[in-house]
Amino acid sequence: MIFEDILKQAHETGLYQPVVDAIPYANLVGLEFQRFGNDVIFRLPDNSDNIGNPILPAVHGGVIGGFMEMSAALHLMMALDAPAMPKIVDFSLDYLRAARGGRDTFAECQVIRQGSRVANVIINAWQTRREDAVATARAHFLLAQ
């Protein structure tokens with residue numbers, strides 16, 4: 001089954017786990033999510049393979065960035081019933097503190113502006129408390145027409 005068919009079926013049923021399962025990077029880092037109505041919380045489980053600095057230990061910054069970008073794309077697909085994976089135009093990421101190994105990392109997304117062709121998404125990632133973000137990002141996506 002091709003990705004667009006999996007996505008179409010997810011929109012019809014409201015079950016998006018097969019979409020995540022069809023994305024190799026999401027599987028590589030272990031991305032998970034939970035839906036609460038229209039809200040979605042994404043989870044990057046603790047995984048020793050995601051450690052970039054073994055001395056602290058801390059999750060690799062590229063893993064955090066990829067997790068946040070993938071979370072934003074999935075959030076858009078769920079929120080907008082997008083017919084295909086949105087294409088990233090721009091991604092701006094601010095690392096605020098180390099994401100410590102031995103802890104899960106969470107992300108929450110918010111669509112702040114949606115035009116007919118471009119959507120802007122704010123992504124916040126944290127570990128123990130939402131108020132203590134480990135990173136924040138802004139992403140622009142080109143929506144499928």
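Please verify whether residue 91 is aromatic (Phe, Trp, Tyr), assigned to a strand (DSSP E or B), in contact with a strand residue (DSSP E or B) (Cβ under 8 Å, 6 or more places away or on another chain) and within 19 Å of residue 46 (Cα to Cα), treating the condition exactly as stated.
no
Whether any residue in the range 96-118 is free of Cβ contacts under 8 Å to residues at least 40 places away in the same chain, closer than 24 Å to residue 17 by Cα, open to solvent by 50 Å² or more (accessible area, probe 1.4 Å) and not small (Gly, Ala, Ser) is what I want to check.
Step one: of the range 96-118, the residues free of Cβ contacts under 8 Å to residues at least 40 places away in the same chain are 97, 110-118.
Restricting the remaining residues to those that are closer than 24 Å to residue 17 by Cα gives 110-111.
Among the residues that remain, those that are also open to solvent by 50 Å² or more (accessible area, probe 1.4 Å) are: 110.
Then drop every residue that is not not small (Gly, Ala, Ser), which leaves 110.
Yes: the range 96-118 contains one or more residues that are free of Cβ contacts under 8 Å to residues at least 40 places away in the same chain, closer than 24 Å to residue 17 by Cα, open to solvent by 50 Å² or more (accessible area, probe 1.4 Å) and not small (Gly, Ala, Ser).
Testing residue 119 on (1) farther than 19 Å from residue 40 by Cβ; (2) assigned to a strand (DSSP E or B); (3) of a type in the set (Gly, Ala, Ser), one condition comes back false. Which one is that?
In the conditions (1) farther than 19 Å from residue 40 by Cβ; (2) assigned to a strand (DSSP E or B); (3) of a type in the set (Gly, Ala, Ser), residue 119 misses (1) alone.
Can you work out which of the residues in the range 40-86 that are touching a residue at least 40 places away in the same chain (Cβ under 8 Å) and of a type in the set (Asp, Glu) is farthest from residue 138 (Cα to Cα)?
The selected residue is 46.
Restricting the search to the range 2-30, which residues are farther than 21 Å from residue 50 by Cβ and of a type in the set (D, E, K, R)?
First, pick out the residues of the range 2-30 that are farther than 21 Å from residue 50 by Cβ: 2-16, 18-19.
Hits for the range 2-30 are 4, 5, 8, 12.
Could we say that residue 77 is modelled with pLDDT of 95 or more, among the hydrophobic types (A, V, I, L, M, F, W, C) and either open to solvent by 50 Å² or more (accessible area, probe 1.4 Å) or within 22 Å of residue 30 (Cβ to Cβ) (or both) here? Even if it seems obvious, please write down each step before you answer.
Values: modelled with pLDDT of 95 or more: no; among the hydrophobic types (A, V, I, L, M, F, W, C): yes; either open to solvent by 50 Å² or more (accessible area, probe 1.4 Å) or within 22 Å of residue 30 (Cβ to Cβ) (or both): yes.
Criteria not met by residue 77.
The values are calculated or read from the model by the stated rules, or taken from the named source; none is laboratory data. Keep in mind that what you see is a predicted model, and the values were worked out from it rather than measured. FYI the Cβ positions are ideal-geometry reconstructions off the backbone, even for glycines, and counts take in every protein chain you see. To get the accessible areas, we keep the full protein, side chains included, count just its heavy atoms, and leave off ligands, DNA and RNA. Shrake-Rupley method; radii C 1.70, N 1.55, O 1.52, S 1.80 Å.
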